[in-house]
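The values are calculated or read from the model by the stated rules, or taken from the named source; none is laboratory data. Keep in mind it's a predicted model, so treat the numbers as computed, not measured. Here the Cβ is made from the backbone with ideal geometry for all residues, glycine too, and neighbour counts use every protein chain on show. Areas reflect the complete protein model, heavy atoms only, side chains present, ligands, DNA and RNA absent. Shrake-Rupley method; radii C 1.70, N 1.55, O 1.52, S 1.80 Å.
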Amino acid sequence: QVQFVESGGGLVQPGESLRLSCTASTDEFNIYHMAWYRQAPGKQRELVAGITSGTYTKYAESVKGRFTISRDNAKNTLYLQMTSLQLGDTAVYYCNADLNFQRLLRPNDFGSWGQGTQVTVSS
């Protein structure tokens, strides 16, 4: 089972930027579709952005134009560049992987998660 270590979170002010990283423990990182999710207090985990093993990407409407998902297969690492951060982006951010991209769109299908990384946007 693939394990993930998320990092890069922190406390920022509205309008600032952060880059999150997710390192996966697999020698086959390049064949997995990957995604970022977030869970705010009292809310369900939601998809933020996904990327196929190729170059297709998908974003939640709330982050389109502000967040960019990318991957470095040589480093087994997934990234999320977040700009123009808003108060509503405050959450714990997680990553996950699957060989079926459509399954990534359903975070409730996953039973195993990393520890996540906290992003707090506050003035």
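Out of G9, G15, which single residue is touching a residue at least 40 places away in the same chain (Cβ under 8 Å) and over 15 Å from the mean Cα position of the chain (by Cα)?
When all the criteria are applied, what remains is G15.
Taking the stated definitions as given, is T68 over 22 Å from G10 (Cα atoms), touching a strand residue (DSSP E or B) at 6+ places or on another chain (Cβ under 8 Å), at pLDDT 95 or above and of a type in the set (S, T, N, Q)?
no
Please specify each residue of the stretch 34-54 satisfying the condition of being under 15 Å from D72 (Cβ atoms) and within 12 Å of the chain's Cα centre (by Cα).
Once the filter is applied, which keeps residues that are under 15 Å from D72 (Cβ atoms) and within 12 Å of the chain's Cα centre (by Cα), the stretch 34-54 yields M34, W36, I51.
Can you pull out the residues in the stretch 44-56 that are among the β-branched types (V, I, T) and either open to solvent by 50 Å² or more (accessible area, probe 1.4 Å) or not in a strand (DSSP E or B) (or both)?
As a first pass, look at the stretch 44-56 and keep what is among the β-branched types (V, I, T): 48, 51-52, 55.
Correct list: T52, T55.
Just a yes or no: is a residue in the stretch 83-100 farther than 22 Å from Q1 by Cβ and among the β-branched types (V, I, T)?
Within the stretch 83-100, one or more residues are farther than 22 Å from Q1 by Cβ and among the β-branched types (V, I, T).
Restricting to the stretch 57-102, and then to whatever is hydrophobic (A, V, I, L, M, F, W, C) and open to solvent by 40 Å² or more (accessible area, probe 1.4 Å), can you tell me which residue is farthest from W113 (Cα to Cα)?
L87
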